[in-house]
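Some notes on the structure that comes next.
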Amino acid sequence: MTAQHTIAVLGLGRMGEAVATRLAAQGRQVLGWTRSGRTSGSFDTTGDPHEAVAKADVVLLALFDGPACRQVLDTVQDSLRADTVVVNLGTIAPAEASELARRLGASYVHAPVLGSVPAVAAGALQILTAADPDTLDRVRPVLEALGTVRRVDDASTAAALKLIANSSLAGAVLALRDALQQADALGLSRTQALDVLELGHLGGLVARKRPFLDSEPKAATAVGTAAAPAGGTADFTIAALAKDMNLLAAASDMPLRCVSELANTPGGPESDIAVAATAPAPTDAVLAPLRAYIRGHATGDPGHFRAAFLPTAHIEGVRDGVFVSWPLDEYCALFDGSPAPDEPARSRRIDTVDVHGTVATATMTLRHGPDTFTDVFLLVHVDDRWRIANKAYHRHL
């Protein structure tokens, strides 16, 4: 592919504009179009998608999702030249990628990318490319102007690998969040914690996202969380990553915890993904009934359980091979107001707390002599405070 050939870039969001700018800066003839009508001073644009593709040897799709890809291709289908190659750089579901590959045949290249705007500018993207060999040879110079081409067997596999890669990114962001929350609980300064984290396994992420992470945390509200600092222009938004994780969960039909965790992060959907790492820890308000529950076990005083649970609560599990479901009064009757003789050797630990508006879930590990229990709680925010609505437990044998 030589510089005189025209490349149409359909979709001029953050990535699309960066791609078009990179290619134009290398002397390639670029014509951009976006549904919003956005223009650019770095390359030519048109308000007519038919004009963009009618002149193009290569059409690059830089669109948000699968429905957008289908809609735009439906619009320009009749204006595509027979020899035009359509290269899809977007992140879509494996089934959507397969559908587009079947629809466009050998003229379709599925090429989702690893990397965001800075990687585009540096020509350092990793491009997972599924294409007919002859077609790939035609577009390889264009793709190599953006980064490294990594050949993948088919469009579905390329799409699936991109979702897995983004899953690891979501996991890293949430791991960074957990580390910062623990640092806050230990009274460490944000700068001190980030300086050390930048030396470890999360170092690359911390270094890239430092402008979004430097501010000290804001206090959480009673039910939700406070807005996080903006930190600058987003390279990859929470909305985009959450969309990708929803695609992965749907495609794999497997639970994916980060889907809900990203949906409940501060800063809003258009914030950079790093803002998710600045979410404050669960409030003392939601921890209060869990701590009262711990005090009940530590002291044997059932009054702490009555403070922790709603009056309608049940405590359920399998005891000696039989399912039991105790109303709160029956559960409280198990405690005589005195701590267990081996209380100094016992321990309890809150493992997880996930808040979803006015409801929350939590898990706890209790080590009581020879027995270890996992407790699972459902909490509700009612009458301006959190209470445990129900508890189920498992005794490890």
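The values are calculated or read from the model by the stated rules, or taken from the named source; none is laboratory data. The model shown is predicted, which means the values in this text are computed figures rather than measured ones. Ideal geometry is used to build each Cβ from the backbone, glycine not excepted, and the neighbour counts take in all protein chains shown. What goes into the accessible areas is simple: the full protein's heavy atoms, side chains included, and nothing from ligands, DNA or RNA. Shrake-Rupley method; radii C 1.70, N 1.55, O 1.52, S 1.80 Å.
Please report, ordered by residue number, the helices (runs of 4 or more DSSP H) entirely within the range 242-333 with at least 3 residues that are in contact with a strand residue (DSSP E or B) (Cβ under 6 Å, 6 or more places away or on another chain) and open to solvent by less than 10 Å² (accessible area, probe 1.4 Å). Spell out how you get there, then give the answer.
Working: elements: 257-263, 284-299, 302-308, 328-332.
Filter on the range 242-333 gives 284-299.
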| request: State all residues of the range 136-158 that are under 16 Å from Ala93 (Cα atoms) and buried (at least 22 other Cβ atoms within 10 Å of the Cβ); if no residue qualifies, say none. | output: Ala155, Ala158
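Is there a residue in the range 16-38 that is more than 28 Å from the chain's Cα centre (by Cα), of a type in the set (D, E, K, R) and open to solvent by 20 Å² or more (accessible area, probe 1.4 Å)?
Taking the range 16-38 and keeping what is more than 28 Å from the chain's Cα centre (by Cα), we get 23-33, 37.
Okay, now just the ones that are also of a type in the set (D, E, K, R), so 28.
In the following step, the residues that additionally are open to solvent by 20 Å² or more (accessible area, probe 1.4 Å) were identified as 28.
Yes, there is a match, as at least one residue in the range 16-38 is more than 28 Å from the chain's Cα centre (by Cα), of a type in the set (D, E, K, R) and open to solvent by 20 Å² or more (accessible area, probe 1.4 Å).
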| query | In the set Val109, Val76, which member is outside any helix (DSSP H, G or I) and either modelled with pLDDT of 95 or more or in contact with a Ser or Thr (Cβ under 6 Å, 6 or more places away or on another chain) (or both)? | reply | Val109
| request: Take Pro133 and decide whether it is open to solvent by 30 Å² or more (accessible area, probe 1.4 Å) and at pLDDT below 95. | output: no
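To keep it simple, each residue is scored yes or no on (1) in a loop (DSSP other than H, G, I, E, B); (2) closer than 24 Å to Ser116 by Cβ; (3) at pLDDT below 95.
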position	(1), (2), (3)
Gly32	no, yes, no
Arg38	yes, yes, yes
Gly47	yes, no, yes
His50	no, no, no
Val53	no, no, no
Leu60	no, yes, no
Leu63	yes, yes, no
Val72	no, yes, no
Ala82	yes, no, yes
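Is it the case, given these coordinates, that Thr372 is under 18 Å from Arg395 (Cα atoms) and at pLDDT 95 or above?
Numbers: under 18 Å from Arg395 (Cα atoms): yes; at pLDDT 95 or above: yes.
Judged against the criteria, Thr372 is a match.
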| field | In the range 101-130, residue nearest to Arg70 (Cα to Cα) [restricted to those that are open to solvent by 50 Å² or more (accessible area, probe 1.4 Å) and touching an Asp or Glu at 6+ places or on another chain (Cβ under 9 Å)] | value | Ala106
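Going residue by residue through the range 118-125, is there one that turns out to be assigned to a loop (DSSP other than H, G, I, E, B) and either under 28 Å from the mean Cα position of the chain (by Cα) or at positive phi (or both)? Show your work before the answer.
The first filter runs over the range 118-125 and keeps only residues assigned to a loop (DSSP other than H, G, I, E, B), leaving 123-124.
After this cut, where a residue has to be either under 28 Å from the mean Cα position of the chain (by Cα) or at positive phi (or both) as well, the list is 123-124.
The answer is yes, given that some residue of the range 118-125 is assigned to a loop (DSSP other than H, G, I, E, B) and either under 28 Å from the mean Cα position of the chain (by Cα) or at positive phi (or both).
If the requirement is being among the hydroxyl-bearing types (Ser, Thr, Tyr) and under 25 Å from Asp134 (Cα atoms), which of these qualifies: Ser36, Ser98? Let's see the steps before the verdict.
Numbers: Ser36 fails: under 25 Å from Asp134 (Cα atoms).
Testing whether each residue is among the hydroxyl-bearing types (Ser, Thr, Tyr) and under 25 Å from Asp134 (Cα atoms) leaves just Ser98.
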| Qualifying positions in the range 75-100 - surrounded by 24 or more Cβ atoms within 10 Å (Cβ to Cβ) and more than 30 Å from the chain's Cα centre (by Cα) | Val85
